[in-house]
Structure formats: C-alpha cells, structure tokens
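Enquirer: Have a look at this one before I ask anything.
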Amino acid sequence: KSSTKEISRDVSILYVENDILLLTQVNILLSRYFNNIDCADNGEAALILYKRNSYDLIITDLKLPKLNGLEFIKQVKKINSKQNIIVTTSVETPNVLKILINLGVKRFISKPFDFSHF
C-alpha cells in the first residue's frame with residue numbers, strides 16, 4: 001500500500017496567498033506531502049507562474065493584490081477549463097460562491113484555517 005507521501009510526491013501545486021505568514025505556514029504543511037509547490041503572494045505573479053508551468057492543483061485565496069482571486073481563476077479557466085482549483089476564503093457571499101461554482105470550482109476551504117482539516 002502506498003503512503004500519501006508516495007502518491008502525492010509528483011503532484012504539482014500552485015499556492016496563492018497574500019498573507020505572507022499564512023503562505024509560509026501552509027507551504028511548510030504542503031511540503032510534507034508534495035515535492036512540487038510554487039507559491040505566489042498576488043494574482044498577477046500567480047498567473048505568470050501558471051502560464052509558465054503546468055499544475056495538477058491550484059489553491060488560491062480570493063483577496064489578492066494586483067489581480068484578485070476571482071479574476072485569476074477566470075484567466076486560468078480560459079487557459080484550462082478543467083484545472084482543479086481549491087478556493088480558500090473568508091468571503092462566502094452567495095453571489096461569489098455561485099460565480100466560482102459556475103467557473104468549475106468544486107472545493108472550498110474556509111478561513112481561518114483549522115490545520116487539522118486542511
């Protein structure tokens with residue numbers, strides 16, 4: 001039986017978070033399971049990384065400088081409509097959730113994080 005680390009080691013992740021402390025903490029947590037993690041602290045930098053690389057999963061906040069998370073997701077979905085995306089946010093208005101669901105986002109993680117569920 002393969003361990004989670006063995007199964008996930010080749011999965012590539014783009015993690016986007018403007019809170020540098022949280023970005024660092026989550027990056028440390030993710031690096032326990034994944035070998036290929038890129039991080040960005042704004043939507044513009046994330047989009048540049050996305051255009052240069054292929055990712056199995058994007059984990060992104062919605063509140064981002066330079067290019068907000070919703071616009072980042074729209075740009076990503078124009079490039080790859082099947083891209084797997086998890087949204088982390090404390091903003092959960094029905095309108096925003098509806099837009100995200102219509103864009104194909106199926107997973108959400110509420111902030112503040114409970115790291116035992118992350």
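A short reminder: the numbers here are calculations on the coordinates, not readings from a lab. In this text, all values refer to a predicted model and were calculated from it rather than measured experimentally. When we count neighbours, we look across all protein chains shown, and the Cβ atoms used for this are built from the backbone with ideal geometry, even at glycine.
Enquirer: Based on the mean of other Cβ atoms within 10 Å per residue, sort peptides 55-61, 76-82 so the most packed one is first. Please list the in-between numbers first.
Expert: On the way: 55-61: 21.0, 76-82: 12.1.
The packing order, highest mean first, is 55-61, 76-82.
Enquirer: Here is a follow-up. Can you pull out the trypsin sites (Lys or Arg not before Pro) in the stretch 5-56 that DSSP calls coil and that have at most 16 other Cβ atoms within 10 Å?
Expert: Details: sites: LYS5, ARG9, ARG32, LYS51, ARG52; in loops: ARG9, ARG32.
Passing sites in the stretch 5-56 are ARG9, ARG32.
Enquirer: In addition: Quickly work out the TYR33-to-ILE109 label distance, labels modelled 7 Å from Cα along the C-beta direction, and quote it in nm with one decimal.
Expert: Modelled inter-label distance: 0.8 nm.
Enquirer: Which is farthest toward the positive dipole end of the chain among SER12, ASN84, LEU23, measuring Cα position about the Cα centre, with Cβ charges +1 (Lys, Arg) and -1 (Asp, Glu)?
Expert: Highest projection toward the positive end goes to ASN84.
Enquirer: Answer rounded, prolate or oblate for the stretch 12-71, using the Cα gyration tensor with square roots of eigenvalues a ≥ b ≥ c: rounded when a/c is under 1.5, else prolate when a/b is larger than b/c, else oblate. Mind showing how you got there, number by number?
Expert: On the way: a/c = 2.23, a/b = 1.23, b/c = 1.81.
Taking the square roots of the gyration eigenvalues as a ≥ b ≥ c, the stretch 12-71 is oblate.
Enquirer: Of the listed values (i) 2, 8, 15, 18, 14, 13, 12, 10, 5, 2, 0; (ii) 2, 12, 22, 22, 16, 11, 8, 4, 2, 1, 0, 0; (iii) 2, 11, 23, 25, 21, 12, 4, 1, 0, grab the one calculated as P(r) over Cα pairs in 5 Å bins from 0, in percent from the structure here.
Expert: (iii)
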